[in-house]
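Let me begin by presenting the structure, written as structure tokens, before commenting on it.
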Amino acid sequence: MRRLIVICAIVVLFGAAPAAAQSKPTVIALSRLANVPDQLVGGEILREVYARLGIAVEFVDVEAQRALALSSAGDVDGEIQRIGNLAAKYPTLIQVLPPINYIEPAVFTTGLEFDVRGWDSIAGYDVGIVRGVGSSEAGTRGMPNAQRATSLEDLLHMLDRDRFDLLVTDLFSGRVEIKRLHLDARVHPLLPPLERIYVYHYLHERHRDLVPKVEAVLREMNASGELARLRAKLVAQVLEKSGEPRG
């Protein structure tokens, strides 16, 4: 009894031990945008990063806007990759540095031909984008003729049915998905891409203590060139699997 009283007194004076939630997780669940190939690449990059920390990665495949709802609420542990200003709108998500990947928003059409010179060059067209994809939402902000679909697959089918003049999606993802849907005889990209955007991994704020550990692995992989080599390898694998030429 005396020993129990002493232990209780210590707890009162110094507080309880840190909660178990603060310990390193064994599994991380991340939102992954369904049927978006650049998310496959980012996800596999993170699988390697977390493996070095002894953490397994699981993916929850959902549409883009739903993904942010889940991750910002803490229903999943974070986002595979998003643009750099995400935390301004979703303060519960912590940006992890350095960027893990990049995307190149590009124009895809069924027949239009024009000089692509940044986002302003598409302002006069009816444009389709995937709802909730930050780069597309930001690039078309203020354009009165922007239409939204819930997925890249839906967006491509809408373009094929001439619902709008052109769509915008990541160049790599668009090429792969067009091949998968057998639309390559009709839909093609206009080059160059609209821009190159570096994208970042995000973790929910409850994993704040994990962020510097993940960043340390990423910095090491980035400095050695391993991160760039891994991305190139994964992109080539996805393109080869789709039957799309690598160039």
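The values are calculated or read from the model by the stated rules, or taken from the named source; none is laboratory data. This one's a predicted model, so the numbers in the text were calculated from it and none came from an experiment. Glycine gets a Cβ as well: all are built from the backbone with ideal geometry, and neighbour counts include every protein chain shown. All accessible areas refer to the heavy atoms of the entire protein, side chains included, with ligands and DNA or RNA removed. Shrake-Rupley method; radii C 1.70, N 1.55, O 1.52, S 1.80 Å.
Counting Lys +1, Arg +1, Asp -1, Glu -1, what net charge surrounds Glu195 among other residues with beta carbon under 13 Å of its beta carbon? Intermediate results must be reported in sequence, preceding the final value.
Values: positive: Arg117, Arg196; negative: Glu104, Asp120, Asp170.
Within the 13 Å Cβ shell, the charges total -1.
Of the GluC sites (Glu not before Pro) in region 144-209, which ones lie in a loop per DSSP and count no more than 16 other C-beta atoms within 10 Å? Spell out each step's value before the answer.
Working: sites: Glu153, Glu177, Glu195, Glu205; in loops: Glu195.
Sites meeting the loop and neighbour criteria: Glu195.
Testing the spin-label approximation: label points 7 Å from Cα along Cα→Cβ at Arg141 and Arg196. State their distance in nm.
2.4 nm
Taking springs between alpha-carbon atoms closer than 10 angstrom, which of Ser72, Ser173, Ser23 fluctuates most in the Gaussian network model of the chain?
The residue that fluctuates most here is Ser23.
In debye, nearest 20: dipole of region 180-236 around its Cα centre with unit charges on the Cβ of K, R (+) and D, E (-)?
Working: 10 positive and 7 negative charges, 35 e Å.
Once rounded to the nearest 20, the dipole reads 160 debye.
Quick query: amide H of Val76 versus all other amide H atoms, modeled in the peptide plane; which residues come in under 5 Å with a sequence gap of 5 or more or a different chain?
Ser71
Where the centroid of each part is defined by its Cα atoms, how far is region 119-164 from region 60-89 in Å?
About 20 Å separates the Cα centre of region 119-164 from the one of region 60-89.
Please check: in the Gaussian network model of the chain (C-alpha springs, under 10 Å), which one of Asn35, Asn101, Asn145 has the largest mean-square fluctuation.
Asn145
What distance in nm separates the simple spin-label points at Ser242 and Ala69, each placed 7 Å from Cα in the Cβ direction?
Placing both labels 7 Å along Cα→Cβ, they lie 2.8 nm apart.
What's the carbon and sulfur percent of the chain's accessible surface, probe 1.4 angstrom, rounded to a whole number? Before the final figure, lay out each step's value.
Numbers: 6750 of 12490 Å².
Result for the chain: 54 percent of the exposed heavy-atom area is carbon or sulfur.
Expected output is a single nm value to one decimal: the length gained when fully extending between Ala88 and Thr26, i.e. 0.36 nm times separation in residues minus the C-alpha distance. What is it? Intermediate results must be reported in sequence, preceding the final value.
Numbers: separation 62, 0.36 × 62 = 22.32 nm, distance 2.88 nm.
Gain in length upon complete extension: 19.4 nm.
About the Cα centre of region 32-123, what is the dipole size in debye to 20, counting +1 per Lys and Arg Cβ and -1 per Asp and Glu Cβ, all else neutral?
Numbers: 7 positive and 13 negative charges, 56 e Å.
For this selection, approximately 260 debye.
Name the residue from Phe164, Tyr102, Val49 whose Cα lies farthest towards the positive end of the charge dipole of the chain, charges +1 on Cβ of Lys and Arg and -1 on Cβ of Asp and Glu.
It is Val49, whose Cα lies furthest towards the positive end.
Taking only pairs that are 8 or more places apart or on different chains, how many Lys pairs in the chain have Cα atoms under 28 angstrom apart?
On the way: Lys24/Lys89; Lys24/Lys213; Lys89/Lys213; Lys179/Lys233; Lys179/Lys241; Lys213/Lys233; Lys233/Lys241.
Close lysine pairs under the 28 Å cut-off: 7.
For region 92-166, with only Lys/Arg (+1) and Asp/Glu (-1) charged at the beta-carbon, what is the dipole magnitude about the Cα centre, in debye rounded to 20?
On the way: 6 positive and 11 negative charges, 62 e Å.
It comes to approximately 300 debye.
What are the residues whose amide H is under 5 Å from the amide H of Asp170, where those residues sit 5 or more places off or on another chain and H is modelled from the backbone?
Close amide H contacts, sequence-distant or interchain: Ala106.
Suppose the chain between Arg52 and Arg161 were pulled fully straight at 0.36 nm per residue; how much longer would it get relative to their current alpha carbon spacing?
Working: separation 109, 0.36 × 109 = 39.24 nm, distance 4.60 nm.
Using 0.36 nm per residue and subtracting the Cα-Cα distance, I get 34.6 nm.
Indicate the gyration tensor shape class of region 100-203 (rounded, prolate or oblate), computed on the Cα atoms with a ≥ b ≥ c the square roots of the eigenvalues: a/c under 1.5 is rounded; otherwise a/b larger than b/c is prolate and the rest oblate.
Because its axes are fairly even, with a/c under 1.5, region 100-203 counts as rounded.
Once every DSSP H run of n ≥ 4 in the chain is given -39500 (n - 2.57) and the sum is divided by its residues, what mean residue ellipticity at 222 nm do you get, rounded to the nearest 500 deg cm²/dmol? Kindly include the intermediate steps, with their values, before the conclusion.
Values: 9 runs with 98 residues, N = 247.
Result for the chain: -12000 deg cm²/dmol, rounded to the nearest 500.
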